1. For residues that are part of a loop (DSSP other than H, G, I, E, B), of a type outside the set (S, T, N, Q) and modelled with pLDDT of 85 or more, scanning just region 55-82, find the one that is nearest to the ligand (Cβ to nearest atom).
2. How many of the residues in region 83-98 are surrounded by 15 or more Cβ atoms within 10 Å (Cβ to Cβ) and modelled with pLDDT of 85 or more?
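The values are calculated or read from the model by the stated rules, or taken from the named source; none is laboratory data. Please read these numbers as outputs of a predicted model, since none were measured by experiment. Cβ: placed from backbone, ideal geometry, glycine included. Neighbour counts: every protein chain shown.
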Amino acid sequence: MPSEKEEDTWTLSEQQMATVRRHLERVLTDGCWVCKKNDWIILAKLSGEKPYDPNANYLALPDSGPKVRITCKNCGNAAYFSSDVIGLNIAPSEVSSD
Ligand SMILES: [Zn+2]
């Protein structure tokens, strides 16, 4: 189980959600690439791998790190966006506390 502190870190704040919405509005101008609607659910918790840990027993990819998950409300198409590229500035030390 993640600690309470880690739970807080992986949950997006209102400000971070606003940053995510601005990013999606900028890059998803054509809407969902499956059904063409433009109505998304943004998961309020970060997903994906923690930053690279040489002691971890999973394969850490070069782009590993927290991701924002979105799902199309109409067709269920789902995608991940890098929190770094979006600009959420989540420090690795904040999410690597095992
Ligand atoms: Zn869709």
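1. CYS75
2. Total meeting the criteria: 3.
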